[in-house]
Amino acid sequence: MRIYHTANYDEMSLKAAQIISAQITMKPDCVLGLATGSTPIGTYKELTRQYEAGLLDFSQVKAANLDEYRDLPKDNDQSYAYFMRENLFKHVNILPENTNIPNGTQTDVDVECERYEKVIAQLGGVDLQLLGLGRNGHIGFNEPSDEFPKMTHCVNLTQSTIDANKRFFEKEEDVPRQAYTMGIGTIMKARKILLIVNGSSKREALHRALYGPITPQVPASILQLHPDVIVVADADAWG
Ligand code: GLP
(Lines give C-alpha, C1' and ligand atoms only; values in the text may rest on other atoms or scores of the structure.)
Protein backbone atom coordinates (compact mmCIF):
# COMPACT_ATOMS: atom_id res chain seq x y z
CA MET A 1 0.00 0.00 0.00
CA ARG A 2 1.40 3.39 -1.02
CA ILE A 3 0.23 6.27 1.14
CA TYR A 4 0.23 9.97 0.32
CA HIS A 5 -0.47 12.71 2.86
CA THR A 6 -1.66 15.93 1.28
CA ALA A 7 -2.19 19.27 2.96
CA ASN A 8 -5.75 19.76 1.77
CA TYR A 9 -8.54 18.76 -0.63
CA ASP A 10 -7.02 20.51 -3.65
CA GLU A 11 -3.69 18.74 -3.24
CA MET A 12 -5.47 15.43 -2.81
CA SER A 13 -7.41 16.07 -6.01
CA LEU A 14 -4.28 17.03 -7.92
CA LYS A 15 -2.37 13.95 -6.75
CA ALA A 16 -5.30 11.64 -7.61
CA ALA A 17 -5.69 13.21 -11.06
CA GLN A 18 -1.96 12.79 -11.70
CA ILE A 19 -2.21 9.09 -10.89
CA ILE A 20 -5.23 8.65 -13.18
CA SER A 21 -3.61 10.58 -16.00
CA ALA A 22 -0.44 8.48 -15.61
CA GLN A 23 -2.63 5.39 -16.01
CA ILE A 24 -4.19 6.80 -19.21
CA THR A 25 -0.77 7.75 -20.58
CA MET A 26 0.60 4.30 -19.82
CA LYS A 27 -2.41 2.51 -21.35
CA PRO A 28 -4.57 4.81 -23.52
CA ASP A 29 -7.35 2.20 -23.81
CA CYS A 30 -7.43 1.47 -20.08
CA VAL A 31 -10.56 0.69 -18.09
CA LEU A 32 -11.17 3.16 -15.29
CA GLY A 33 -13.46 2.25 -12.41
CA LEU A 34 -15.04 5.53 -11.35
CA ALA A 35 -16.71 6.84 -8.21
CA THR A 36 -19.20 9.53 -7.32
CA GLY A 37 -19.71 11.68 -4.21
CA SER A 38 -18.16 14.98 -3.23
CA THR A 39 -14.65 13.53 -2.79
CA PRO A 40 -13.79 12.96 -6.49
CA ILE A 41 -15.27 16.22 -7.83
CA GLY A 42 -11.90 18.04 -7.58
CA THR A 43 -10.13 15.08 -9.20
CA TYR A 44 -12.55 15.19 -12.14
CA LYS A 45 -12.07 18.99 -12.42
CA GLU A 46 -8.30 18.51 -12.62
CA LEU A 47 -8.66 15.74 -15.22
CA THR A 48 -10.90 18.10 -17.22
CA ARG A 49 -8.27 20.84 -16.93
CA GLN A 50 -5.57 18.49 -18.19
CA TYR A 51 -7.80 17.41 -21.08
CA GLU A 52 -8.54 21.02 -22.03
CA ALA A 53 -4.82 21.77 -21.90
CA GLY A 54 -4.27 19.00 -24.46
CA LEU A 55 -2.42 16.80 -21.97
CA LEU A 56 -4.93 13.96 -21.83
CA ASP A 57 -6.91 11.95 -24.35
CA PHE A 58 -9.95 9.93 -23.28
CA SER A 59 -10.85 8.75 -26.79
CA GLN A 60 -9.96 5.13 -26.08
CA VAL A 61 -10.65 5.12 -22.33
CA LYS A 62 -13.46 2.96 -21.00
CA ALA A 63 -15.23 3.61 -17.73
CA ALA A 64 -17.26 1.47 -15.37
CA ASN A 65 -18.84 3.17 -12.39
CA LEU A 66 -19.11 1.62 -8.98
CA ASP A 67 -22.74 2.13 -8.18
CA GLU A 68 -26.10 3.70 -8.90
CA TYR A 69 -29.21 4.47 -6.86
CA ARG A 70 -32.09 2.13 -7.48
CA ASP A 71 -35.17 3.55 -9.23
CA LEU A 72 -33.56 6.82 -10.33
CA PRO A 73 -33.65 7.25 -14.11
CA LYS A 74 -30.35 8.39 -15.58
CA ASP A 75 -31.64 11.88 -16.36
CA ASN A 76 -32.63 12.46 -12.72
CA ASP A 77 -30.22 15.06 -11.37
CA GLN A 78 -29.47 12.93 -8.31
CA SER A 79 -28.58 9.81 -10.31
CA TYR A 80 -24.94 8.87 -10.51
CA ALA A 81 -25.27 8.68 -14.32
CA TYR A 82 -26.19 12.38 -14.27
CA PHE A 83 -23.36 13.14 -11.81
CA MET A 84 -20.79 11.51 -14.08
CA ARG A 85 -22.03 13.36 -17.15
CA GLU A 86 -21.99 16.72 -15.37
CA ASN A 87 -18.70 16.30 -13.53
CA LEU A 88 -16.58 14.50 -16.10
CA PHE A 89 -17.98 12.84 -19.19
CA LYS A 90 -19.44 15.88 -20.93
CA HIS A 91 -16.19 17.82 -20.44
CA VAL A 92 -13.78 15.29 -22.00
CA ASN A 93 -13.64 13.21 -25.19
CA ILE A 94 -14.72 9.90 -23.68
CA LEU A 95 -17.20 8.13 -25.97
CA PRO A 96 -20.65 7.75 -24.39
CA GLU A 97 -20.72 4.11 -25.52
CA ASN A 98 -17.53 3.55 -23.49
CA THR A 99 -19.16 4.66 -20.24
CA ASN A 100 -20.91 2.11 -18.07
CA ILE A 101 -22.98 2.39 -14.93
CA PRO A 102 -25.53 0.09 -13.30
CA ASN A 103 -29.03 0.72 -14.58
CA GLY A 104 -30.99 1.92 -11.55
CA THR A 105 -34.31 1.49 -13.32
CA GLN A 106 -33.90 -2.23 -14.04
CA THR A 107 -36.47 -3.78 -11.71
CA ASP A 108 -35.14 -7.31 -12.09
CA VAL A 109 -32.22 -7.35 -9.64
CA ASP A 110 -30.70 -10.61 -10.90
CA VAL A 111 -30.79 -9.46 -14.52
CA GLU A 112 -29.07 -6.15 -13.74
CA CYS A 113 -26.41 -7.60 -11.45
CA GLU A 114 -25.50 -10.31 -13.96
CA ARG A 115 -25.50 -7.81 -16.81
CA TYR A 116 -23.13 -5.46 -15.00
CA GLU A 117 -20.69 -8.20 -14.02
CA LYS A 118 -20.66 -9.27 -17.68
CA VAL A 119 -20.00 -5.70 -18.83
CA ILE A 120 -16.92 -5.49 -16.59
CA ALA A 121 -15.70 -8.92 -17.68
CA GLN A 122 -16.13 -8.00 -21.37
CA LEU A 123 -14.08 -4.86 -20.80
CA GLY A 124 -11.29 -7.14 -19.59
CA GLY A 125 -11.57 -6.02 -15.96
CA VAL A 126 -10.74 -2.70 -14.35
CA ASP A 127 -7.19 -1.34 -14.59
CA LEU A 128 -7.54 1.45 -12.05
CA GLN A 129 -10.42 1.70 -9.61
CA LEU A 130 -11.04 5.06 -7.97
CA LEU A 131 -12.73 4.82 -4.57
CA GLY A 132 -14.13 7.28 -2.06
CA LEU A 133 -14.81 6.22 1.51
CA GLY A 134 -18.13 6.27 3.31
CA ARG A 135 -18.24 7.59 6.88
CA ASN A 136 -19.08 4.08 8.02
CA GLY A 137 -16.21 2.56 6.02
CA HIS A 138 -18.27 1.66 2.96
CA ILE A 139 -16.79 1.51 -0.53
CA GLY A 140 -19.10 1.79 -3.51
CA PHE A 141 -22.32 1.10 -1.68
CA ASN A 142 -21.00 -1.96 0.13
CA GLU A 143 -22.36 -1.22 3.57
CA PRO A 144 -21.06 -2.78 6.81
CA SER A 145 -22.40 -6.32 7.01
CA ASP A 146 -21.59 -9.84 8.16
CA GLU A 147 -19.83 -10.81 4.94
CA PHE A 148 -17.96 -9.27 2.03
CA PRO A 149 -20.33 -9.36 -0.98
CA LYS A 150 -18.60 -10.90 -3.98
CA MET A 151 -20.51 -9.60 -6.98
CA THR A 152 -22.60 -6.67 -8.13
CA HIS A 153 -25.72 -6.69 -5.99
CA CYS A 154 -28.61 -4.59 -4.72
CA VAL A 155 -28.18 -3.14 -1.22
CA ASN A 156 -30.39 -1.54 1.37
CA LEU A 157 -28.63 1.69 2.35
CA THR A 158 -27.90 2.17 6.05
CA GLN A 159 -29.30 5.13 7.96
CA SER A 160 -25.75 6.51 8.25
CA THR A 161 -25.41 6.58 4.45
CA ILE A 162 -28.89 8.03 3.96
CA ASP A 163 -28.01 10.76 6.50
CA ALA A 164 -24.66 11.46 4.80
CA ASN A 165 -26.19 11.66 1.32
CA LYS A 166 -29.36 13.58 2.13
CA ARG A 167 -27.46 16.85 1.68
CA PHE A 168 -27.77 16.31 -2.08
CA PHE A 169 -31.57 15.90 -1.98
CA GLU A 170 -34.36 18.32 -1.17
CA LYS A 171 -35.57 16.18 1.72
CA GLU A 172 -34.52 12.96 3.41
CA GLU A 173 -37.57 11.08 2.06
CA ASP A 174 -36.22 11.66 -1.45
CA VAL A 175 -33.00 9.70 -0.79
CA PRO A 176 -33.38 6.27 -2.42
CA ARG A 177 -33.30 3.42 0.07
CA GLN A 178 -31.57 0.98 -2.26
CA ALA A 179 -28.72 0.97 -4.74
CA TYR A 180 -26.89 -1.30 -7.14
CA THR A 181 -23.20 -1.59 -6.41
CA MET A 182 -20.16 -3.52 -7.56
CA GLY A 183 -19.42 -6.12 -4.89
CA ILE A 184 -16.30 -6.15 -2.77
CA GLY A 185 -15.14 -9.07 -4.92
CA THR A 186 -15.70 -6.99 -8.07
CA ILE A 187 -13.72 -4.09 -6.60
CA MET A 188 -10.87 -6.29 -5.37
CA LYS A 189 -10.40 -7.71 -8.88
CA ALA A 190 -9.25 -4.28 -10.13
CA ARG A 191 -5.57 -4.37 -10.96
CA LYS A 192 -4.89 -1.13 -9.08
CA ILE A 193 -6.98 0.78 -6.55
CA LEU A 194 -6.82 4.49 -5.74
CA LEU A 195 -8.58 5.45 -2.49
CA ILE A 196 -9.11 9.17 -1.93
CA VAL A 197 -10.26 10.57 1.40
CA ASN A 198 -10.69 14.06 2.77
CA GLY A 199 -12.13 15.75 5.80
CA SER A 200 -12.34 15.02 9.51
CA SER A 201 -15.69 13.23 9.11
CA LYS A 202 -13.76 10.39 7.43
CA ARG A 203 -10.96 10.22 10.02
CA GLU A 204 -12.29 7.28 11.98
CA ALA A 205 -13.28 5.35 8.86
CA LEU A 206 -9.84 5.90 7.30
CA HIS A 207 -7.99 4.68 10.37
CA ARG A 208 -10.23 1.66 10.80
CA ALA A 209 -9.88 0.83 7.08
CA LEU A 210 -6.09 1.00 6.99
CA TYR A 211 -5.04 -0.04 10.47
CA GLY A 212 -7.97 -1.90 12.01
CA PRO A 213 -8.97 -5.54 11.74
CA ILE A 214 -10.06 -6.78 8.32
CA THR A 215 -13.78 -7.18 8.77
CA PRO A 216 -16.93 -6.78 6.66
CA GLN A 217 -18.13 -4.41 9.38
CA VAL A 218 -15.58 -2.00 7.85
CA PRO A 219 -15.85 -2.91 4.15
CA ALA A 220 -12.82 -0.81 3.13
CA SER A 221 -10.58 -2.80 5.51
CA ILE A 222 -10.37 -5.51 2.84
CA LEU A 223 -8.12 -3.15 0.86
CA GLN A 224 -5.32 -4.16 3.25
CA LEU A 225 -5.24 -7.45 1.30
CA HIS A 226 -5.06 -5.91 -2.18
CA PRO A 227 -1.55 -6.02 -3.69
CA ASP A 228 -1.68 -2.58 -5.34
CA VAL A 229 -3.46 0.16 -3.42
CA ILE A 230 -2.65 3.87 -3.37
CA VAL A 231 -4.22 5.99 -0.65
CA VAL A 232 -4.31 9.77 -1.03
CA ALA A 233 -5.80 11.55 1.97
CA ASP A 234 -5.65 15.09 3.29
CA ALA A 235 -4.47 16.33 6.67
CA ASP A 236 -7.99 16.52 8.12
CA ALA A 237 -8.62 12.88 7.26
CA TRP A 238 -5.33 11.70 8.76
CA GLY A 239 -6.03 13.71 11.94
C1 GLP B 1 -21.44 7.48 -1.43
C2 GLP B 1 -20.98 6.65 -2.65
C3 GLP B 1 -19.56 6.20 -2.48
C4 GLP B 1 -18.77 7.40 -1.98
C5 GLP B 1 -19.14 7.69 -0.56
C6 GLP B 1 -18.53 8.95 -0.01
O7 GLP B 1 -22.53 6.99 -0.78
N8 GLP B 1 -21.78 5.50 -2.95
O9 GLP B 1 -19.07 5.67 -3.71
O10 GLP B 1 -17.39 7.11 -2.01
O11 GLP B 1 -20.53 7.64 -0.38
O12 GLP B 1 -19.16 10.09 -0.51
P13 GLP B 1 -18.56 11.53 -0.37
O14 GLP B 1 -17.38 11.57 -1.25
O15 GLP B 1 -19.64 12.47 -0.82
O16 GLP B 1 -18.20 11.71 1.06
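The values are calculated or read from the model by the stated rules, or taken from the named source; none is laboratory data. What you see is a predicted model, and the numbers here were worked out from it, not measured in a lab. When we count neighbours, we look across all protein chains shown, and the Cβ atoms used for this are built from the backbone with ideal geometry, even at glycine. Accessible surface areas use protein heavy atoms only, side chains included; no ligands, DNA or RNA. Shrake-Rupley method; radii C 1.70, N 1.55, O 1.52, S 1.80 Å.
Residues of the stretch 75-92 that are within 16 Å of the ligand (Cβ to nearest atom), open to solvent by 50 Å² or more (accessible area, probe 1.4 Å) and either closer than 18 Å to Asp110 by Cα or not in a loop (DSSP other than H, G, I, E, B) (or both): Tyr82, Glu86. Taken together, Phe83, Phe58 contain a single residue that is closer than 22 Å to Gly183 by Cβ and either out of contact with any Phe, Trp or Tyr (no Cβ under 8 Å at 6 or more places or on another chain) or not β-branched (Val, Ile, Thr) (or both), which is Phe83. When each of Leu55, Leu72, Leu66 is tested for being within 16 Å of the ligand (Cβ to nearest atom) and either open to solvent by 70 Å² or more (accessible area, probe 1.4 Å) or modelled with pLDDT of 95 or more (or both), the lone residue that passes is Leu66. Restricting the stretch 207-230 to residues that are part of a loop (DSSP other than H, G, I, E, B) and among the aliphatic types (A, V, I, L, M), the residue that is nearest to the ligand (Cβ to nearest atom) is Val218.
Report whether or not Ala205 is more than 15 Å from the chain's Cα centre (by Cα), at pLDDT 95 or above and within 23 Å of Asp10 (Cβ to Cβ). Judged against the criteria, Ala205 is a match. Being in a helix (DSSP H, G or I), open to solvent by 70 Å² or more (accessible area, probe 1.4 Å), modelled with pLDDT of 95 or more and away from the ligand (no atom under 15 Å from the Cβ): is that true of Glu114 here? Answer is yes for this residue. Here Pro40 passes the criteria (1) within 16 Å of the ligand (Cβ to nearest atom); (2) over 20 Å from Ala121 (Cα atoms); (3) open to solvent by 10 Å² or more (accessible area, probe 1.4 Å); (4) within 16 Å of the chain's Cα centre (by Cα) except the one numbered (3).
This table checks each residue for (1) of a type in the set (Val, Ile, Thr); (2) touching a Cys at 6+ places or on another chain (Cβ under 8 Å); (3) within 30 Å of Thr107 (Cβ to Cβ).
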site	(1), (2), (3)
Gln159	no, no, yes
Glu170	no, no, yes
Pro176	no, no, yes
Ile193	yes, no, no
Leu210	no, no, no
Pro213	no, no, no
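Rundown of residues vs (1) touching a Pro at 6+ places or on another chain (Cβ under 8 Å); (2) surrounded by fewer than 21 Cβ atoms within 10 Å (Cβ to Cβ), yes/no style:
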| residue | (1), (2) |
| --- | --- |
| Arg135 | no, yes |
| Ile139 | yes, no |
| Glu173 | no, yes |
| Thr186 | no, no |
| Gly212 | no, yes |
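Any residue that is charged (D, E, K, R), more than 20 Å from Leu195 (Cα to Cα) and within 13 Å of the ligand (Cβ to nearest atom) - is there at least one of those in the stretch 134-146? The answer is no; no qualifying residue exists. Check off (1) of a type outside the set (Asp, Glu); (2) more than 17 Å from the chain's Cα centre (by Cα); (3) open to solvent by 70 Å² or more (accessible area, probe 1.4 Å); (4) more than 24 Å from Arg2 (Cβ to Cβ) for Met151 and give me the number that stays unchecked. Single failed check for Met151: (2). Consider the stretch 149-206 and keep the residues that are in a strand (DSSP E or B) and among the hydroxyl-bearing types (Ser, Thr, Tyr). The one that is farthest from the ligand (Cβ to nearest atom) is Tyr180. Looking only at residues in the stretch 13-29 that are buried (at least 21 other Cβ atoms within 10 Å of the Cβ) and touching a helix residue (DSSP H, G or I) at 6+ places or on another chain (Cβ under 7 Å), the one that is farthest from Ile187 (Cα to Cα) is Ser13.
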